[in-house]
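Here's the structure we're looking at; comments come further down.
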Amino acid sequence: MHDETKCLKVPAANGAFASLSVPVHRASTIVFDSVDAYQNRRSAMYDGYSYGLYGTPTTRTLEQAIAALEGASRALVVPSGFAAIALTTLTFCAPGQRVLFPDNAYDTVRPFADRFLGRLGIKPVFYDPSLGSRIADLLDSSVQLVWVESPGSMTLEVQDVPAITAACQARGILTAADNTYATPLRCKPLSLGVDLSICAASKYVSGHSDVVMGSVAVNNEDIFRQLKDHSRFLGQGVSADEASLVLRGMETMAVRLDRCEQSALQLLPMLQASNAVREIRHPALPENPGHQFWKRDFTGSTGLITLFLEPWTRPLLAKAIEAMDQFAIGASWGGTKSVVAVLDQPPLRTATPAPHHGPVVRLSIGMEHPEDLRASLEKCLSILAAATPDGIANDKDLGRAQP
Ligand SMILES: *Cc1c(COP(=O)(O)O)cnc(C)c1O
């Protein structure tokens, strides 16, 4: 069955009532037929129903749909994408042990690693995301978990995930992937040797900027049960209402991703042509770091584009961004509507140098008509071009010499 079909698969009808939509089952208390069944309710934690927090038919349907798409035997939904990262890390790392994160990890990973894991005695190590099989140099018996995020947040370097998972497997070290960029429609980390594939369903999977949720998909029952136990210890659960929004979003994910990808690809040349843009990142561009791994391991790209702007654009940056009438200014991405996020410095790096020193702009290309998006971007770029210092207009090399 193709992924597009799996997104639309309707669960078996329940009794006499048959609808094309998944019912929303709200619950805290679950009732039992007998005292015996009640007293044994904990055994229903993983598959049946024991308490609303631990699963309802709606959340279990969503978990099965995500598992099918990820090529996993099991999936667990949690309250956010970051909750999936935190749960995975806390479940599989012990005090005195080390966990490796790529230097371009999602931005909350760094304060979580430094301030929270540190307090628990778990030692985070940030590594160069491009190191591939050289990850072996960082592995010893103190390493319990290695994260990959490919493409990485903001800078979109694609990693050699199979090389990293092979090195970890050889030493019995677990690997986890943040697959939020690609969604399981564009990449299946479990098939690349990863043990745990997490995804922020808040982005493309739900797809309408109105839900926050995360998932963890695995192919190992013991890993699943450990995760499920720890999600209980941390009091994590997902409401049926929100699970139903994600199920609805999944039905259109394939067409939404195609649309966003196609529009982004159409807009890349005009962005590349601007002298305000020093470097543009999108995995489908041959010059994007790790493009060869993207070609090998992914079935497509998405609507996310990162622009490294010339430092001289700074004085007019806010004005140029605010002139983009089709782009909302905001932090998240992957919805139907185009969003722009601005950093006036590249994100913090500790294992690798920052790629550039100018402002960084992330575009999440949405489903508006691409010509309307083009008009917005033209406005933005023409305002930025006006910031060009006299005498260096249209000269990227001289622009590069500016502070
Ligand atoms: C947004 C995002 C997350 C966190 O997801 P939330 O649901 O917002 O907590 C994690 N990883 C990546 C790559 C993201 O883009």
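The values are calculated or read from the model by the stated rules, or taken from the named source; none is laboratory data. Computed from a predicted model, the values in this text were never measured in an experiment. All Cβ positions, glycine included, derive from the backbone under ideal geometry; neighbour counts span all protein chains shown. The protein model used for the area step is the full one, side chains on, heavy atoms only, and it has no ligands, DNA or RNA in it. Shrake-Rupley method; radii C 1.70, N 1.55, O 1.52, S 1.80 Å.
Worth pointing out:
- Unmet requirement for T5, which otherwise passes all of (1) under 19 Å from C187 (Cβ atoms); (2) modelled with pLDDT of 95 or more; (3) β-branched (V, I, T): (2)
- The single condition among (1) within 26 Å of the chain's Cα centre (by Cα); (2) open to solvent by 10 Å² or more (accessible area, probe 1.4 Å) that L69 does not satisfy is (2).
- Test: residue in the range 236-243 that is part of a loop (DSSP other than H, G, I, E, B) and of a type in the set (V, I, T): yes
- Residue match in the range 228-236 (condition: surrounded by fewer than 19 Cβ atoms within 10 Å (Cβ to Cβ) and within 16 Å of the ligand (Cβ to nearest atom)): yes
- Members of the range 174-216 found to be assigned to a loop (DSSP other than H, G, I, E, B), among the aliphatic types (A, V, I, L, M) and buried (at least 24 other Cβ atoms within 10 Å of the Cβ), listed by number: A182, V194, A201, V205, M213
- Top-ranked residue of the range 331-343 - restricted to ones that are modelled with pLDDT under 95 and within 12 Å of the ligand (Cβ to nearest atom), ranked as surrounded by the most Cβ atoms within 10 Å (Cβ to Cβ): S332
- Residue tally, condition of a type outside the set (S, T, N, Q) and in a loop (DSSP other than H, G, I, E, B), over the range 324-353: 16
- Subset of the range 79-113 (residues that are assigned to a loop (DSSP other than H, G, I, E, B) and either within 11 Å of the ligand (Cβ to nearest atom) or open to solvent by less than 30 Å² (accessible area, probe 1.4 Å) (or both)): P79, S80, C93, D103, N104, A105, Y106, D107, T108
- Matching entry among F327, F308 (being aromatic (F, W, Y), surrounded by fewer than 23 Cβ atoms within 10 Å (Cβ to Cβ) and out of contact with any Leu (no Cβ under 6 Å at 6 or more places or on another chain)): F308
- For the range 23-34, filtering for residues that are open to solvent by 100 Å² or more (accessible area, probe 1.4 Å) and either touching a residue at least 40 places away in the same chain (Cβ under 8 Å) or over 25 Å from S244 (Cα atoms) (or both) leaves 2.
- Residue that is farthest from F308 (Cα to Cα) [pool: residues in the range 121-174 that are away from the ligand (no atom under 16 Å from the Cβ) and among the hydroxyl-bearing types (S, T, Y)]: S141
- Of all residues in the range 253-291 being among the basic types (K, R) and part of a helix (DSSP H, G or I), the one that is farthest from A385 (Cα to Cα): R256
- For the range 114-124, a residue qualifies if it is in contact with a helix residue (DSSP H, G or I) (Cβ under 9 Å, 6 or more places away or on another chain) and either of a type in the set (S, T, N, Q) or in a helix (DSSP H, G or I) (or both), and the qualifying residues are F116, L117, L120.
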